[in-house]
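Only one structure is covered here, and it is reproduced in the block below.
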């Protein structure tokens, strides 16, 4: 069965860039969310077992999404993909339960590396 | 004729700027050991008369000090304008462990240090993503302890409209804030839009 992957970013360009960075031939069902609220809703519906999450977003930001996931104990592995790469931001998201932190702009190499590192991607 | 950006182009500029300002903020955060608050940047085609509004919207009626620095490369030219709220200098001096007296010279030194970090990193970040290389000119002080109105008056605008990227930086828990405005020349707009369209393709 295809793995439900959620891409949550307010920029449509960033969402496209993220989708393009996913490994070729990876069996996934991709859902897009334009802000944190939409993102949390999609995760509740089981559309985000793996989540690529932006931090700076309107309505609800990435920190808010991580808090909601923790509070509701939602089953999601979150990889934060952010332009805000300050040490504090990286620390904050790790504390909130994010699995990994990747610097924007994302590309195929970085995406494959992180997915392999956490055993999400084994043999494509 | 006024041309405007498409929604996709604006979104792309915002995202690219977001990444670039994040890199600049990271440099500043590591230098000063602080957290820089990053809002969503504003990207617009503006006319010369709207430049005043962009600046006035960026900063309040407080006294400001400003630096500008030209950049050029790959057929694109423009100016980076950094406007600092004068109230920021006391906290900034403390953060940067500035020992001398905080007079006009002292403030100037701080202003130059911060602007070289922010302008340099931001231009580099934007250039990198658009596969452009910008060379930077020498920074020029536009004014110290003046009003935003005076800054705009001192400029001699030969253009009718231009691409403007506005970035507001604020340091968490401190009274430090500044605005970085990137203005591209009218002739550069077509070329830089082309690079953006290439990314959107």
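Condition first: more than 10 Å from the chain's Cα centre (by Cα) and part of a loop (DSSP other than H, G, I, E, B). Now tell me which residues in the range A:32-48 satisfy that. Walk me through it before giving the result.
Our first condition is that a residue be more than 10 Å from the chain's Cα centre (by Cα); within the range A:32-48, this holds for A:32-38, A:40-47.
Residues satisfying the conditions are A:34, A:35, A:45, A:46, A:47.
Kindly indicate whether residue B:54 is within 14 Å of another protein chain (Cβ to nearest Cβ) and assigned to a helix (DSSP H, G or I).
So residue B:54 fails the test.
Among the residues in the range A:17-24, are any in a loop (DSSP other than H, G, I, E, B), more than 14 Å from every other protein chain (Cβ to nearest Cβ), closer than 20 Å to residue A:121 by Cα and without any contact (Cβ under 8 Å) to a residue 40 or more places away in the chain?
No.
In the range B:137-182, what residues are surrounded by 15 or more Cβ atoms within 10 Å (Cβ to Cβ), at pLDDT 85 or above and not in a strand (DSSP E or B)?
The answer is B:139, B:174, B:176.
How many residues does the range B:65-93 contain that are farther than 20 Å from residue B:21 by Cβ, in a strand (DSSP E or B) and in contact with a helix residue (DSSP H, G or I) (Cβ under 6 Å, 6 or more places away or on another chain)? Spell out how you get there, then give the answer.
Quick first cut of the range B:65-93, residues farther than 20 Å from residue B:21 by Cβ only: B:65, B:72, B:74-75, B:77, B:86-87, B:89-91, B:93.
If we keep only those that are in a strand (DSSP E or B) too, we end up with B:65, B:72, B:77.
When the remaining residues are screened for being in contact with a helix residue (DSSP H, G or I) (Cβ under 6 Å, 6 or more places away or on another chain), the result is B:65, B:77.
Looking only at that region, the number is 2.
Taking residue B:117 as the residue in question, decide whether it is under 19 Å from residue B:70 (Cα atoms), in contact with a helix residue (DSSP H, G or I) (Cβ under 9 Å, 6 or more places away or on another chain) and assigned to a strand (DSSP E or B).
Numbers: under 19 Å from residue B:70 (Cα atoms): yes; in contact with a helix residue (DSSP H, G or I) (Cβ under 9 Å, 6 or more places away or on another chain): yes; assigned to a strand (DSSP E or B): no.
Answer is no for this residue.
Could you check, for the range A:69-79, whether at least one of its residues is facing another protein chain (nearest Cβ under 10 Å), modelled with pLDDT of 95 or more and surrounded by 14 or more Cβ atoms within 10 Å (Cβ to Cβ)? Explain how you work it out, then say what you get.
Initially, the range A:69-79 is screened for residues facing another protein chain (nearest Cβ under 10 Å), giving none.
No.
Taking residue B:117 and the conditions (1) under 17 Å from the mean Cα position of the chain (by Cα); (2) at pLDDT below 90; (3) exposed (fewer than 15 other Cβ atoms within 10 Å of the Cβ), which numbered condition does it fall short on, given that it satisfies the others?
(3)
Out of curiosity, is residue B:69 more than 14 Å from chain A (Cβ to nearest Cβ) and under 17 Å from the mean Cα position of the chain (by Cα)?
yes
Among the listed residues B:107, B:131, identify the single one that is on the phi > 0 side of the Ramachandran plot and at pLDDT 90 or above. Spell out the reasoning first.
Details: B:107 fails: on the phi > 0 side of the Ramachandran plot.
Exactly one residue qualifies, and that residue is B:131.
Taking the residues in the range B:10-47 that are surrounded by fewer than 16 Cβ atoms within 10 Å (Cβ to Cβ) and out of contact with any strand residue (DSSP E or B) (no Cβ under 7 Å at 6 or more places or on another chain) as candidates, determine which candidate is modelled with the lowest pLDDT.
Residue satisfying both the conditions and the ranking: B:31.
Across the range A:49-59, which residue is nearest to the other protein chains (Cβ to nearest Cβ) among those that are buried (at least 18 other Cβ atoms within 10 Å of the Cβ) and assigned to a loop (DSSP other than H, G, I, E, B)? Even if it seems obvious, please write down each step before you answer.
We begin by selecting, within the range A:49-59, every residue buried (at least 18 other Cβ atoms within 10 Å of the Cβ); these are A:50-57.
Now drop any that are not assigned to a loop (DSSP other than H, G, I, E, B), which leaves A:54-57.
Working: A:54: 9, A:55: 9, A:56: 6, A:57: 9 Å.
Result: A:56.
Output the number of residues of the range A:80-101 satisfying the condition of being crowded, with 17+ Cβ neighbours inside 10 Å, within 14 Å of chain B (Cβ to nearest Cβ) and without any contact (Cβ under 8 Å) to a residue 40 or more places away in the chain.
Count: 11.
Looking only at residues that are surrounded by fewer than 18 Cβ atoms within 10 Å (Cβ to Cβ) and within 21 Å of residue B:27 (Cβ to Cβ) in the range A:103-124, which one is farthest from the other protein chains (Cβ to nearest Cβ)?
A:110
Please work out if residue A:72 is over 30 Å from residue B:33 (Cα atoms) and over 13 Å from the mean Cα position of the chain (by Cα).
Working: over 30 Å from residue B:33 (Cα atoms): yes; over 13 Å from the mean Cα position of the chain (by Cα): yes.
Here the answer is yes, as residue A:72 does meet what is asked.
The values are calculated or read from the model by the stated rules, or taken from the named source; none is laboratory data. A quick note: this is a predicted structure, and the numbers were derived from the prediction, not measured. Counting neighbours? That spans all protein chains shown, and the Cβs are built from the backbone with ideal geometry, glycine included.
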